[in-house]
1. Expressed as a whole number of Å, what is the distance separating the alpha-carbon centroids of segment B:9-43 and segment A:1-78?
2. Measuring from label point to label point, each 7 Å out along Cα→Cβ, what is the residue A:17 to residue A:81 span in nm?
3. When the Cα atoms of segment B:47-109 are enclosed in a convex hull and the volume is divided per residue, what value in Å³ results?
4. Using a Förster distance of 41 Å, how high is the FRET efficiency between residue B:7 and residue A:52, based on the Cβ-Cβ distance and rounded to 0.05?
5. Would you kindly calculate the translational diffusion coefficient of the protein assembly as shown, applying Stokes-Einstein with the Kirkwood radius from alpha carbon pairs, for 25 °C and a viscosity of 0.890 mPa s, and quote it in µm² s⁻¹ without decimals?
6. Residues of segment A:26-57 with amide nitrogen under 14 Å from the 7 Å Cα-to-Cβ point of residue A:104?
7. If the viscosity is 0.890 mPa s and the temperature 25 °C, what translational diffusion coefficient in µm²/s does Stokes-Einstein give for chain B when Rh comes from Kirkwood over Cα pairs?
8. Quick one: give the max-minus-min coordinate of the C-alpha atoms of segment A:1-85 along each principal axis, largest first, in Å.
């Protein structure tokens with residue numbers, strides 16, 4: 001079955017540690033996204049990539065980094081510079097058509113990151 | 001930046017009741033979307049709206065794209081226990097989506 005797989009489901013980070021969240025999709029989608037979800041807030045865009053080897057900062061990119069070496073994979077690293085990393089992280093993908101129609105986002109099941 | 005005001009923040013209703021929620025903005029959007037998120041999972045797209053005034057149904061769900069393009073509402077008829085979850089609206093402008101803060105729906109059987 002096609003879909004988006006995020007791992008791990010739960011992740012704990014120690015002070016000063018970088019951690020990487022995995023996101024893989026087999027939908028053959030061009031575009032991939034990372035969102036952060038905090039209780040009582042809407043989803044906020046961290047980074048997005050419309051094509052392999054290219055990515056753009058979203059609204060809250062500070063303290064995060066990404067790579068897009070393969071079409072299927074878009075890992076997110078939460079660096080030690082992110083001082084408040086505890087949140088639910090959602091990866092999504094979409095088929096980019098023409099100029100910009102990303103509305104049909106397909107989401108993974110999320111990773112809950114907590115700080116020890 | 002663009003912001004969406006989604007209301008109500010939460011609802012606690014009896015099974016069988018109809019539910020309404022809405023999103024408003026001071027900005028115009030080209031597309032309105034409604035997602036549902038189950039606990040510990042990612043959001044799933046319920047309905048997409050592309051034209052001002054458009055009214056679209058998906059089973060017991062009905063959503064409308066406001067005529068001013070600044071709002072949208074979602075109705076759920078005859079709610080059932082599996083309707084519980086968080087409902088998000090999202091508005092698209094350009095190549096970006098803006099999400100509302102969500103409406104938490106709890107259904108009492």
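1. 24 Å
2. 2.1 nm
3. Working: hull volume 5.6 nm³, N = 63.
About 89 Å³ per residue, rounded to a whole number.
4. On the way: r = 40 Å, r/R0 = 0.98.
The pair residue B:7/residue A:52 has a calculated efficiency of 0.50.
5. 136 µm²/s
6. A:27-31
7. 178 µm²/s
8. 36, 27, 25
We did not get these values from a lab; they are worked out from the coordinates using the rules stated. On a predicted model such as this, the values are computed, not experimentally measured, just so you know. Please note: Cβ atoms are built from the backbone with ideal geometry, for glycine as well, and neighbour counts cover all protein chains shown.
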